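Peer 1: Structure in structure tokens, see below.
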Amino acid sequence: MSGPDLDALARAAFDPDAAPACVGVAVSGGSDSLATLSLLARHYRVAAVTVDHGLRPEAAQEAAGVAAYCGARGIPHEILRWEGPAPAGNLMDQARRARLSLIGGWARGRGITDVALGHTADDQAETFLMRLGRRAGLEGLAGMRRRFVAEGVLWHRPFLTAPRAALRAHLTAEGIAWVEDPSNSDPRFARVRARAALAGLGAVGITAEGLAEVTAHLAAAEALIAEDLYRWAAQNLREEAGDLVVAGAALAALAPERRRRLLNAALRWVAGAEYGPRAAALARIVAAPGPATLHGCRITAARGLLR
């Protein structure tokens, strides 16, 4: 069976009638991001950016390798270095946030509105397994989004339905070498353990491509539910001086799952947070909406209104 048409995916990444003047591409030097740059450069004007977190001694050399690749092809490229405190705690998540912040600033400073990321069907499948392990609901199991807005930039994942092997085959055919990040084989990281688990699931017919299709189905269902809740919020929710206000009776009339989603979204919006509150803490508010402090927000009740 032939693999995906990567050029078709590249062409479909942007509306041909409204494609950005320049597409930013985040490139680490690994196979996924390097293939993303190579494929998009066939169809769009591109500029590449590499973030050196300084977490590994090889990172500077890898960034220089990307610079050499881009220089040989006339592609503008910049290396951004993380100069803040080193990521701590959940290292991969902290590093990801640092990359988004740095690349977002780079893009805005150059008038670049769209940035492409090199995530693949393998990344989508690994994310699904990790979230399944955390007993995520539909929102989480719907997987990574093909497009999202953050840091004032529209981010794209044009090859989210393509397996990593297809992107590597493209690089091999083009004679383009890539680097392997040793952290990708370090079992301390949940994603690496998910990758190993996924490799063992092939015997029962569960593959990265198959799980990517499943997440696409779940994402479609999630979009319908979100649209329905958005219409409800437009009729029942209002903003006042940075607060969100809703009639307590209207909120109580919602089914618990819709109430949970609404409160989760409201708390994230007011707090300006990427993630919602812990599920257990939110569940208590969902069961009995009323005065509380949660997720850095104060919830008050007066005259039949929840603020």
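The values are calculated or read from the model by the stated rules, or taken from the named source; none is laboratory data. Everything quoted here is computed from the prediction, not taken from an experiment. Note: ideal-geometry Cβ built from the backbone for every residue, glycine included; neighbour counts use all protein chains shown. Calculation scope for accessible area: heavy atoms of the full protein, side chains included, ligands and nucleic acids excluded. Shrake-Rupley method; radii C 1.70, N 1.55, O 1.52, S 1.80 Å.
Peer 1: Could you tell me what a quarter of the Cα convex hull surface of the stretch 209-287 works out to, in nm² with one decimal place? Mind dumping the intermediate values first?
Peer 2: On the way: hull surface 24.9 nm².
Averaging across all directions leaves 6.2 nm² for the Cα convex hull.
Peer 1: So, one more: Return one number: the angle in degrees, 0 to 90 and rounded to the nearest 10, between the long axis of the Cα atoms of helix 91-109 and the longest principal axis of the Cα atoms of the chain.
Peer 2: Relative to the chain, helix 91-109 is tipped by roughly 80 degrees.
Peer 1: Report D for the stretch 1-122 in µm² per second (integer): Stokes-Einstein, Kirkwood Rh on Cα pairs, 25 °C, 0.890 mPa s.
Peer 2: The estimated diffusion coefficient comes to 161 µm²/s.
Peer 1: Using modelled amide H (1.01 Å from N, peptide plane; none on Pro or chain starts), what sits under 5 Å from the amide H of Asp52, excluding residues fewer than 5 places away?
Peer 2: For Asp52, whose amide H was placed from the backbone, the distant partners under 5 Å are Leu80, Arg81, Trp82.
Peer 1: What percent does the relative contact order of the stretch 250-307 come to when contacts are Cα pairs within less than 8 Å and at least six residues apart?
Peer 2: Details: 52 pairs, mean separation 15.3, N = 58.
This gives 26 percent for the stretch 250-307.
Peer 1: Let me ask something else. What list of ³J(HN,Hα) values in whole Hz, one per residue of the stretch 254-271 in order, does the Karplus curve 6.51 cos²θ - 1.76 cosθ + 1.60 (θ = phi - 60°) give from phi, with Gly and Pro shown as x?
Peer 2: 6, 4, x, 5, 5, 5, 4, 5, 5, 5, 4, 5, 5, 5, 5, 5, 5, 6
Peer 1: Given the Cα-Cα distance of Ala273 and Tyr230 and 0.36 nm per residue of separation, how much length would full extension add, in nm? Walk me through the intermediate numbers first.
Peer 2: Details: separation 43, 0.36 × 43 = 15.48 nm, distance 1.89 nm.
Roughly 13.6 nm would be gained on extension.
Peer 1: Something else now. Return the Rg/Rh value of the chain, two decimal places, where both radii are evaluated on C-alpha atoms and Rh is the Kirkwood radius.
Peer 2: Rg divided by Rh gives 1.00.
Peer 1: Then there's this: Quickly estimate the mean residue ellipticity at 222 nm for the chain, helices only: each DSSP H run with n ≥ 4 gives -39500 (n - 2.57), and the total goes over all residues, rounded to 500.
Peer 2: -15500 deg cm²/dmol
Peer 1: Restricting to Cα pairs below 8 Å that are 6+ residues apart, what does the relative contact order work out to for the stretch 157-287? Please round to a whole percent.
Peer 2: 14
Peer 1: Using only Cα atoms, locate the centre of the stretch 217-251 and the centre of the stretch 5-30, then give the distance between them in Å, rounded to an integer.
Peer 2: Computed from Cα coordinates, the inter-centre distance equals 32 Å.
Peer 1: Here's something else I'd like to know. Loop only per DSSP, at most 11 neighbouring Cβ atoms within 10 Å: give me the GluC sites (Glu not before Pro) in the stretch 229-305, ordered by residue number.
Peer 2: Passing sites in the stretch 229-305 are Glu274.
Peer 1: Skip the ligands, DNA and RNA, and give the accessible area per residue of the chain with a 1.4 Å probe, whole Å².
Peer 2: Normalised by residue count, the accessible surface of the chain is 53 Å².
Peer 1: Continuing with this model, one more query. Set the Förster radius R0 to 25 Å, insert the Cβ-Cβ distance between Arg238 and Ala136 as r into 1/(1 + (r/R0)^6), and round the FRET efficiency to 0.05.
Peer 2: Values: r = 30 Å, r/R0 = 1.22.
For R0 = 25 Å, the calculated efficiency reads 0.25.
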